[in-house]
Amino acid sequence: MLIALISDIHSNWEALQAVWDYIKDADVILCMGDLVGYGASPNEVVDFIRREMEKRKLLCVRGNHDNAIAFGAEWGFNPYARQAVRWHQHVMTVENLEFLRKLPVRQIFTDEAGRSYLLIHGSPRAPLDEYLFPWLPDSEFRAVLSYVKQEDLLVGHTHVPMLKEIGNRRIINPGGVGQPRDGDWRASYALINTEKDPPENVEFHRVEYDVQEAARKILEAGLPRFLAERLYDGY
């Protein structure tokens with residue numbers, strides 16, 4: 001079984017389409033949230049994900065930007081993110097906003113071998129907001145896993161790819177599709193091949209996309225220039 005992991009698309013239609021070409025044949029696609037925010041193509045992204053969820057095995061949870069845009073919960077956001085939230089609320093369709101409101105905060109998936117996965121955007125302790133960065137001590141990851149019954153915890157939010165092994169359990173972040181923050185501008189995703197043994201069955205991949213077009217749309221929409229420029233730097 002081939003499981004594709006994606007997260008943090010952030011209204012970047014060009015990045016999503018580039019990644020999709022590589023994951024569309026996976027048996028299941030698991031998305032750890034933040035379909036929207038920052039970028040300039042929220043309706044295109046949400047329309048696409050909605051259609052794919054209707055016709056195939058695709059699970060998705062709600063991220064903090066999805067939540068902020070859907071419910072107006074923008075406290076704690078920096079000025080750039082806050083401006084993008086308000087722009088999204090203005091341009092998104094009623095149907096797409098309602099779709100974001102209905103996304104669950106947690107999802108559970110079990111593969112054909114019986115291994116179970118918990119999908120969450122941030123962490124079990126703060127589903128929308130906690131950042132699990134790769135450089136945290138193992139003691140912190142053990143504490144996080146104490147809240148989880150499943151073997152694997154799948155997260156997003158940091159936009160940084162990560163695989164942490166704690167005993168026979170793992171915490172996996174596929175990185176950001178639409179706004180990577182690890183110094184590599186290319187869209188990020190991960191694959192789990194259940195025919196291989198953990199941890200060797202997790203592979204991280206990067207895909208080039210039309211970053212100039214994604215940045216152009218941000219500027220054309222009147223969103224902060226910083227949100228366009230950061231795409232080139234992967235930060």
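Structural remarks
- Within a Gaussian network of the chain (alpha carbon springs, distance under 10 Å), most fluctuating of G175, G167, G122: G167
- Relative contact order (percent, whole number), region 11-55, Cα cutoff 8 Å, 6+ residue spacing: 53 percent
- Taking only protein heavy atoms and a 1.4 Å probe, the accessible area of the chain is 47% carbon and sulfur.
- Chain lengthening between E213 and V105 when straightened (0.36 nm per residue, less Cα-Cα): 35.7 nm
- Residue among I120, I49, I166 with the largest mean-square fluctuation in a Gaussian network model of the chain, springs linking Cα atoms under 10 Å: I166
- Answer label, with volume of the Cα convex hull per residue in Å³ calculated from the coordinates and candidates (1) 110; (2) 150; (3) 126: (1)
- Gap separating the Cα centres of region 117-141 and region 1-53, nearest whole Å: 21 Å
- Over region 1-126, equivalent-ellipsoid semi-axes from the Cα gyration tensor in Å: 25, 17, 12
- For the peptides 146-155, 106-115, 7-16, residues were scored by their other Cβ atoms within 10 Å and the scores averaged per peptide; the highest-first order is 7-16, 146-155, 106-115.
- Zone residues, region 206-234, relative to D21, backbone N less than 11 Å from point 7 Å out along Cα-to-Cβ: 207-210
- Packing rank of 188-196, 27-35, where each peptide gets the mean count of other beta carbons within 10 Å, highest leading: 27-35, 188-196
- Highest-first packing order for the peptide set 178-184, 157-163, 219-225, 55-61 is 157-163, 178-184, 55-61, 219-225, based on the mean count of other beta carbon atoms within 10 Å.
- Projecting label points 7 angstrom from Cα along Cα→Cβ for E165 and R50 puts them 4.3 nm apart.
- Å² per residue, accessible surface of the chain at 1.4 Å: 43 Å²
The values are calculated or read from the model by the stated rules, or taken from the named source; none is laboratory data. Everything quoted here is computed from the prediction, not taken from an experiment. Ideal geometry is used to build each Cβ from the backbone, glycine not excepted, and the neighbour counts take in all protein chains shown. Keep in mind that these areas ignore ligands, DNA and RNA; they rest on the heavy atoms of the full protein, side chains included. Shrake-Rupley method; radii C 1.70, N 1.55, O 1.52, S 1.80 Å.
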